[in-house]
Amino acid sequence: MFGKLKLATVLSLIVVCVYIAVENIKLQNELAILIEENEEMYVEVEEIKQIVSLEDHSEPTETSYYSWEDSKQLAKKFHNESDGRFPKEWGLFLAEKAKERSIDPYILFELIRVETGGTFNEDTVGPQTRYGRAYGLTQFMENTGPWIANMADLPYEKELLYNPYYSIELAVVYLDFLYDRYEDWDHALTAYHRGMYGLEQFKNNQGTAKSWYSEEIQEKAKRLEMVALN
């Protein structure tokens, strides 16, 4: 009887060990897949950084050279406007991503300024609300980040919200979605700030989509663009 009990105990331990080993293999595979997906996401960023650091000895075409030059100039302006807190690499990425979806880069830069309280800190954490907190440069919440990431065809992890490139790309995709939906910046920006349901409540109460948030961002964007042109 004692021998059978001992044998059963040993067999149970073997089963548990095998189960743990199998689960460890599964976790390692999942982690490898996640790392691979994240590495693919940053390839484009790394390519941009490499291009910035290289001297261009080729004869540029009118479209490629001047669009790239525009992005470099914007990156420099945003860097200076932020007193160096917004790195040129971020500005270059912002300009290129905004260009892809025809989003005004000045609007996006001023949105980041407002969302971070002028600090341009990628580790910004918003105040506690009934919906939770917002994170990163463009202040996405955990109930919004995943579906915007899905819309952008990007992986989602909460920690990625602190990555400036990831945060900027989510904001570009979301602003593009909101502007296509409402066709003006007052609606799009107020919806970004309050959520789409919050926008409708705000309009019902105020009779307009124009909010302090949408006005401040648009006014600052227009002023910064005018200074840049002069």
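The values are calculated or read from the model by the stated rules, or taken from the named source; none is laboratory data. All values derive from a computational prediction rather than experimental measurement. Neighbour counts run over all protein chains shown; Cβ positions are idealised from the backbone, glycine included.
Numbers below:
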{"item": "Filtered residue count, the range 146-159, keeping only those that are farther than 20 Å from E96 by Cα and part of a helix (DSSP H, G or I)", "result": "5"}
{"item": "Unmet criterion (only one of (1) touching a strand residue (DSSP E or B) at 6+ places or on another chain (Cβ under 8 Å); (2) farther than 18 Å from I103 by Cβ; (3) at pLDDT 95 or above) for L170", "result": "(2)"}
{"item": "Residue in the range 135-158 that is surrounded by the fewest Cβ atoms within 10 Å (Cβ to Cβ), counting only those that are hydrophobic (A, V, I, L, M, F, W, C) and closer than 21 Å to Y197 by Cβ", "result": "W147"}
{"item": "Count of residues meeting criterion [outside any helix (DSSP H, G or I) and more than 12 Å from L178 (Cβ to Cβ)] in the range 194-212", "result": "4"}
{"item": "S64 vs. criteria modelled with pLDDT of 50 or more, out of contact with any Pro (no Cβ under 7 Å at 6 or more places or on another chain), small (G, A, S) and surrounded by 10 or more Cβ atoms within 10 Å (Cβ to Cβ)", "result": "no"}
{"item": "Check on E225, at pLDDT below 95 and at negative phi", "result": "yes"}
{"item": "The range 67-102, subset of a type in the set (A, V, I, L, M, F, W, C) and farther than 16 Å from E169 by Cα, residue modelled with the lowest pLDDT", "result": "W68"}
{"item": "Looking only at the range 176-218, and only at residues there that are farther than 29 Å from F86 by Cα, out of contact with any helix residue (DSSP H, G or I) (no Cβ under 7 Å at 6 or more places or on another chain) and among the small types (G, A, S), the one that is surrounded by the fewest Cβ atoms within 10 Å (Cβ to Cβ)", "result": "G207"}
{"item": "Residue list for the range 164-183, restricted to those being acidic (D, E) and in contact with a Leu (Cβ under 8 Å, 6 or more places away or on another chain)", "result": "E169"}
{"item": "Residue within the range 159-175 that is surrounded by fewer than 18 Cβ atoms within 10 Å (Cβ to Cβ), under 21 Å from N121 (Cβ atoms) and touching a residue at least 40 places away in the same chain (Cβ under 8 Å) present", "result": "yes"}
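To keep it simple, each residue is scored yes or no on (1) part of a loop (DSSP other than H, G, I, E, B); (2) closer than 23 Å to Y182 by Cβ; (3) of a type in the set (S, T, N, Q); (4) not assigned by TED's automatic domain parsing to the domain that holds L224.
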| residue | (1), (2), (3), (4) |
| --- | --- |
| E96 | no, no, no, no |
| K99 | no, yes, no, no |
| S102 | yes, yes, yes, no |
| I107 | no, yes, no, no |
| I112 | no, yes, no, no |
| G118 | yes, no, no, no |
| D123 | yes, no, no, no |
| P127 | yes, no, no, no |
| T138 | yes, yes, yes, no |
